[in-house]
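One structure is given here, and the rest of the page talks about it.
Read the figures in this text as sums done on the coordinates, not as results from a lab. The shown structure was predicted, so the numbers you read here are calculated from the model rather than taken from an experiment. Cβ coordinates were reconstructed from backbone atoms using ideal geometry, including for glycine residues, and neighbour counts include every protein chain displayed.
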């Protein structure tokens with residue numbers, strides 16, 4: 001069934017000490033090529049051994065009524081995330097954590113000796129200061145912000161960027177970010193996809209379908 005979640009998706013992926021692991025969370029409602037592009041850029045720029053594609057049960061800042069079943073979002077994510085280093089997981093549902101700050105605390109506590117970095121698209125920067133304990137997030141784990149269309153200037157104008165301007169490193173040093181002591185963050189430029197989950201949902205509604213057609217990413221320099 002689309003809403004069933006396999007036990008393996010409710011466990012944290014297996015890691016080893018000294019690995020560099022990226023955490024990329026979201027509702028992925030639906031996942032699309034733009035998400036995959038962010039993941040691939042992060043894998044390369046941050047020299048990651050793994051990237052955890054964390055499909056969340058829900059987003060406290062978004063309307064949950066439009067949320068597809070968790071099992072369906074996991075299955076779609078696995079079709080989009082083709083790199084074997086990407087591990088699609090929904091362990092947050094098993095541990096019943098809602099907020100990113102709690103997730104990061106949980107991950108660090110259960111995986112000593114592993115170097116983690118939080119990854120997010122630049123479109124999240126504008127409202128990052130609205131997240132629960134956002135300062136705690138910045139002080140818990142290094143953060144990599146990957147460019148998204150229309151959000152490039154957020155890395156200088158957002159509340160987060162202004163608050164932690166002293167902790168920003170040049171993206172040329174991104175491969176060292178996971179091993180740095182927080183607060184530490186960088187903004188990674190690169191190709192951008194104009195796809196968005198909201199646009200895909202709207203297109204699906206207009207066509208009377210559940211997810212809308214898959215389209216290739218639209219890349220911008």
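Is the C-alpha gyration tensor of the range 80-129 telling us rounded, prolate or oblate? Criteria: a/c under 1.5 is rounded; beyond that, a/b larger than b/c is prolate, otherwise oblate. Rounded, because the longest to shortest axis ratio a/c is under 1.5. Distance from the alpha carbon centroid of the range 20-37 to that of the range 122-152 works out to 14 angstrom.
Counting neighbouring beta carbons within 10 Å and listing from fewest to most, the residues 157, 77 come out as 157, 77. Over the Cα atoms of the range 7-205, the radius of gyration divided by the Kirkwood radius equals 0.93; this is the Rg/Rh ratio. Taking other Cβ atoms within 10 Å as a rough exposure proxy, 17, 87 sort from fewest to most as 17, 87. For the range 7-205, the share of DSSP beta bridges that are antiparallel, to the nearest 5, is 0%. When 180, 120 are arranged by Cβ crowding within 10 Å, least crowded first, meaning fewest neighbours, the order is 180, 120.
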